[in-house]
Every structure is written in structure tokens, then in C-alpha cells.
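Okay, so here's the structure we're looking at.
Each reported figure results from applying straightforward, stated rules to the coordinates on display, with no laboratory input. In this text, all values refer to a predicted model and were calculated from it rather than measured experimentally. Here the Cβ is made from the backbone with ideal geometry for all residues, glycine too, and neighbour counts use every protein chain on show.
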Amino acid sequence: MLTRRHIRIKIIQSVYSFSLDKGKKIKDEIIFFNKSIYDTYDLYVLILSLFKEVKNHTNEQIKAYKKNNIKKDENFKGLNYLAKNKALEFLNNHIELERQIKKRNFIKWDLEFKFIKKLVLKIIRSDNFKNKSLVKNPNLISDKSSLIDFFKNIIAPSTYLYNYLEDQNLTWGADLPLVNTFLLKTFKNLDFKDPNNLKFPNPEEKEEDLKFGIQLLNLVISKKEDLLVEIEGKTPNWDLERIAFLDQVILRTAIAELLYFEDIPTNVTLNEYLEIAKDYSTPNSNNFINGVLNKLVKDFKKQNRLMKSGRGLL
């Protein structure tokens, strides 16, 4: 689930955080970095648990209608259709998902009653859901399509959900797009007839990537002054102090990767940090960072400092 790009983003976040806390030690930042990696996988399980709460809330609302003899309106019809969704039922009854939830000290979605209530109402009142509910005797394929639809269009883009998760964990805001994309792919490829088809990725499976992340983080922090020297003179219109701090961190991280990781192709490093700059820094940062890094690469090549090895690394 976790990609090298996301690990690079976490490194930049860690370096930025470390620079703001003058009393922090490198080992403490590495511990935080490691925790943020594991937290990403926790977020995956947490979002899956949200579907269980959607199912539970839907069932409780139907019971309330029946117990209190409430007139069965359009909301009841939508709730009834949602309650019968076989894909949602699959997630609700998934034994391993329940085990994964219990072994973590998670947010209790049932305590977020107002949010869950609004979420369910938004699902059943959406035009796409209403159109799908007109299908008589829906099969697993149509139920799967319905679940994917309300996840993609209602749950994933929820501003409230994003803000709430970011309040719970500093790194979850940046993690959420990655987790949502992974979940969407998971749902599209999922065989809801086979419980084993729902995978629960483990950070240990990315051991090499984690080693890369820790090594790069350590280098960017410990060799800060050396890396800043590399930038000086490559920005003729800007003093080092005038460069946006985030851009400076991105450049330091990119330079460390260029100089100290001989197995990573130069073009890969350049492309990765340019994309990160597009997404996380100012509108002009991409062109600025591109110009600085291209100058540096030319100089490093002339000085024989780009010690790349392996097939396709030229």
C-alpha cells in the first residue's frame, strides 16, 4: 500500500517538523517517522471500520422506525435498501476485519453519531443511490457498484472526515488520499464471496522501503549544513534565507537522495520531488526546484559525484 513517494513525503514532513523543534533529537524523529508509517496502515483499517458503523447505524434506524411505528417514508426505503447491500454485509461480518479493529485502540465511530447519521442520510438521498435502489433483486455486482459509488463520491471526499481524522492524528491528513485510492482499488478487485480476498497490508512487507526512509531521513537531518552548501550559488536571484522553507527541505531531501543512493536513478529522484513540490508547496515551487536540481545534477556529473550503479541508472 505504501509507496516510495509517500515515504518521501513523510520524510519531508519529519524534516520540517524536526527543524521547528530545536530540542528534538534525530532518534526521536526516526521513532516518529516509524510510527507515522504504521499509522498509515491503521488508517486503512479505520476507514474499513467506518463501513461497519454505516451498516450498524442503518440497522438501528430501521429498528427505530418499526419500534416507534414511524411512517415508512423515502428515508426508510433508502435505509432498507442500504441494509440489504451484500457488499456492505460482507464488510460488516468479516471476521478478520473485526480482529484487526479490536487489536487497535481505535476511534469509536458510534460516538460520532451526528457524523454517521449525516453520512448515511447523504448516501441514501444521493441521486446515484436512488437510481440504484430502483433495481429489483440487486445482485452482488450491483451492490458492489453501489458501495464503490458512495465511497468514491460521498465518503472519500468528505471534508468533515478529513478534518476529523487530521485532528486525531497529525499525519492522517496526508495519508488519507493514499488510503482512499488503495481502498478504491481494493473494492474494485474484491471478490465479496471470498473473505480471504480482503487483504490487510503490513508495514513489515515494505522492509526495504522502510530502511530507505530511515537512512534518507537520518542523512537529511545529520548533513543539513553540507546539503545547504550544495544549494548556495545555484539560486542567483535568491539568497538561501529567502527560499521558502518547505522548498529548502524538499531540495535538501532530493540532494541527499541524489548523492547517497547509488541504486536510485537520477531521473526517478528528479521526477519524484518535482511531483511532491507540485502537490505540497507553492505554485511556483515546481519550476524553481526543477531549475535548481537540474543545475546541481549537471555540476554533480561534471564532478563525477553522481555514483550511480546498476542497469538503467544512467
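The fewest-to-most ranking of 44, 38 by surrounding Cβ atoms within 10 Å reads 38, 44.
Ignoring everything except DSSP H segments at least 4 long, calculate the 222 nm mean residue ellipticity for the chain; use -39,500 (n - 2.57) per segment, divide by total residues, nearest 500. Please report the intermediate quantities before stating the final value.
Details: 15 runs with 216 residues, N = 314.
Value at 222 nm, helices only: -22500 deg cm²/dmol.
Couplings 3J(HN,Hα) for segment 132-140, derived from phi with the Karplus relation 6.51 cos²θ - 1.76 cosθ + 1.60 (θ = phi - 60°), are 5, 6, 6, 5, 7, 6, x, 9, 5 Hz, where x marks Gly and Pro.
Taking 16 Å as the straight-line reach from the Cα of residue 103, the aspartates and glutamates in range (excluding those fewer than 8 positions away in the same chain) are 39, 42. Averaging Cα coordinates gives a centre for segment 52-93 and one for segment 174-219; these two points are 31 Å apart. Based on alpha-carbon atoms, the Kirkwood radius and the radius of gyration of the chain give Rg/Rh equal to 1.08.
Using the Cβ-Cβ distance between residue 309 and residue 229 with R0 set to 22 Å, the FRET efficiency from 1/(1 + (r/R0)^6) comes to roughly 0.30.
For the set 66/185; 25/206; 52/211, the pairs lying more than 28 angstrom apart at their alpha carbons are 66/185; 52/211. Taken over the Cα atoms of segment 23-182, the convex hull encloses 128 Å³ per residue. Between residue 294 and residue 106, the distance separating the two model label sites (each 7 Å from Cα on the Cα→Cβ line) works out to 4.8 nm. In terms of the mean number of neighbouring beta-carbon atoms within 10 Å, the peptides 7-17, 146-156 order highest first as 7-17, 146-156.
Could you state the angle between the C-alpha long axis of helix 113-125 and the longest principal axis of the C-alpha atoms of the chain, as a value from 0 to 90 degrees rounded to the nearest 10? Around 70 degrees separate the two axes. Each Cα pair under 8 Å and six or more residues apart adds its separation to the average, and for segment 223-302 the resulting relative contact order is 33 percent.
Can you work out the FRET efficiency for the pair residue 184 and residue 35, with r the C-beta to C-beta distance and R0 = 25 Å, to the nearest 0.05? Write out the running numbers ahead of the final one.
Numbers: r = 26 Å, r/R0 = 1.03.
Efficiency, from the Cβ-Cβ distance: 0.45.
With r defined as the distance between the Cβ atoms of residue 28 and residue 68 and R0 fixed at 51 Å, what FRET efficiency is calculated, to the nearest 0.05? Efficiency for this residue pair is about 0.40.
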